[in-house]
Amino acid sequence: MPIVNRFSDLLPDITAWRRDFHQYPETLYDVHRTAGRVAELLTAFGVDEVVTGIGQTGVVGVIRGRNTASGKVIGLRADMDALPILETTGKPYASKEDGKMHACGHDGHTAMLLGAAYYLAETRNFDGTVVLVFQPAEEGGAGGKAMIDDGLMERFGIQQVFGMHNYPGLPVGEFAVRPGPFMASADVFEIVVEGRGGHAAWPHTTVDPVLVGAQVVTAAQSIVARSVDPLDAAVVSITQFHAGDTDNVIPPSAWLAGTVRTLRPDVRDFVEKRLGELVAATAAAFGARATLSYERNYPVVVNHPAETAFAGSVAAGIAGADRVETDAAPMMGAEDFSFMLEEKPGAFIFLGNGDSAKLHNPDYDFNDDAIPYGCSYWVKLVETAMPVRA
Ligand SMILES: [Zn+2]
Ligand SMILES: [Zn+2]
């Protein structure tokens, strides 16, 4: 079972949608034009229900199969938002919005799910219901969570959920997936160190927050190096350190900030706890006070085993088993599809984007040659999971 032939015919249309989204990138929840176009196309395809405004600007399309006796409901998710990056591809369809570009390929994800919607609404060769989820604000805005908080799963009765992302460096026509933790949690934190300011020539009359902050930076690195099991992945990066205004004054306080990435919920809990302990104890050791504000953003993308095996088998049916990596290495990037996998069983898979620039790079472009593979994956997933019985 190679790619679905119908997508050779549909490729010019799907490519045109993709390049149109590419020319008019929109960021975070401000995806009004893109969402409007998605809703318009879904309606034109004859999708049974099109609902807008879920999670602010998310769009949901519902397609019922030839029959729905199986009672199965599968959610397929694409993201619609772009990034605040100035595009340098020089492509004829390059961004017309200064300082915004589709540098993560969400234009391709949206177009591929639209292509699948066209085919599924046309053929209905399945027994059950497909819920097409087009979400805003994947890039840091937790748009997936906003849609869940708006009742996405209950309202449409979604039982299983699947996501897909393009992957530069993986050849076109190949897929990569793994059961269990696949992408990292991404949390952010701030540390305020309060000392006592004074004249830089009389340091003994002060409690120097710069020195204390430096100790905090060093101590924080002991978490990954000495407290987390070496076989578990974790990153603690302090990326900002601001204190003082001039050369002869010891400032009263210092402000630090950074990010924590982990691949397991228990490691995430541990790092947060340990960071708080180290910040407080390190400051106390120097006679200062320090507080940690820790904000949990995206959780770990944890693929469910049965759905991941299924996703891998569907991909193998399209690409050939030797072109599907089913035990791909986990990575420390983050994805808000993780919120959906916390709600329902499912799997997130990577689709080869070929030898392109990396994600979030101003030279990146989604590879239109991947469209038939991505669309075929979506429709074969539906037809295989919910076969029409004779
Ligand atoms: Zn991205
Ligand atoms: Zn992305």
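Data for the structure
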read-out	value
Unmet criterion (only one of (1) within 18 Å of residue 355 (Cα to Cα); (2) among the polar types (S, T, N, Q); (3) surrounded by fewer than 23 Cβ atoms within 10 Å (Cβ to Cβ)) for residue 206	(1)
Residue match in segment 148-163 (condition: within 16 Å of ligand 1 (Cβ to nearest atom), outside any strand (DSSP E or B), under 17 Å from the mean Cα position of the chain (by Cα) and modelled with pLDDT of 95 or more)	no
Cβ pairs under 8 Å, 6+ apart, first in segment 105-123 and more than 14 Å from residue 383 (Cα to Cα), second more than 14 Å from ligand 2 (Cβ to nearest atom) and hydroxyl-bearing (Ser, Thr, Tyr)	110/34; 111/15
Every residue from segment 260-271 that is buried (at least 17 other Cβ atoms within 10 Å of the Cβ) and modelled with pLDDT of 95 or more	260, 261, 262, 263, 267, 268, 270, 271
Only listed residue being touching a Phe, Trp or Tyr at 6+ places or on another chain (Cβ under 9 Å) and in the same structural domain as residue 203 (by TED's automatic domain parsing), chosen from 284, 257, 334, 280	257
Checklist (1) assigned to a loop (DSSP other than H, G, I, E, B); (2) modelled with pLDDT of 95 or more applied to residue 379, failing item	(1)
Which listed residue is among the hydrophobic types (A, V, I, L, M, F, W, C), within 16 Å of ligand 1 (Cβ to nearest atom) and out of contact with any strand residue (DSSP E or B) (no Cβ under 6 Å at 6 or more places or on another chain), from 339, 286, 348, 310	339
Wholly enclosed strands (runs of 3 or more DSSP E) of segment 280-365 bearing at least 3 residues more than 21 Å from residue 380 (Cβ to Cβ) and more than 19 Å from the chain's Cα centre (by Cα)	289-298
Residue 162 touching a helix residue (DSSP H, G or I) at 6+ places or on another chain (Cβ under 8 Å), buried (at least 23 other Cβ atoms within 10 Å of the Cβ) and closer than 22 Å to residue 30 by Cα	no
Search result, residues across segment 47-86 that are within 16 Å of ligand 2 (Cβ to nearest atom), buried (at least 19 other Cβ atoms within 10 Å of the Cβ) and not hydrophobic (A, V, I, L, M, F, W, C)	58, 77, 79, 81
Enumeration of residues in segment 374-384 that are surrounded by fewer than 24 Cβ atoms within 10 Å (Cβ to Cβ) and either in contact with a strand residue (DSSP E or B) (Cβ under 6 Å, 6 or more places away or on another chain) or charged (D, E, K, R) (or both)	380, 383
Residue within segment 74-90 that is of a type in the set (Asp, Glu) and more than 28 Å from residue 346 (Cα to Cα) present	yes
Filter result for residue 118 (more than 16 Å from ligand 1 (Cβ to nearest atom) and among the hydroxyl-bearing types (Ser, Thr, Tyr))	yes
Extreme residue, surrounded by the fewest Cβ atoms within 10 Å (Cβ to Cβ), among residues of segment 87-133 that are within 12 Å of residue 375 (Cβ to Cβ), of a type in the set (A, V, I, L, M) and within 16 Å of ligand 2 (Cβ to nearest atom)	113
Residue in segment 125-134 that is in the same structural domain as residue 323 (by TED's automatic domain parsing), out of contact with any strand residue (DSSP E or B) (no Cβ under 7 Å at 6 or more places or on another chain), part of a helix (DSSP H, G or I) and under 22 Å from residue 47 (Cβ atoms) present	no
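The values are calculated or read from the model by the stated rules, or taken from the named source; none is laboratory data. Small disclaimer: the values here were computed from a predicted structure and weren't measured. With ideal geometry, Cβ positions are generated from the backbone for all residues, glycine too; neighbour counts draw on all protein chains shown.
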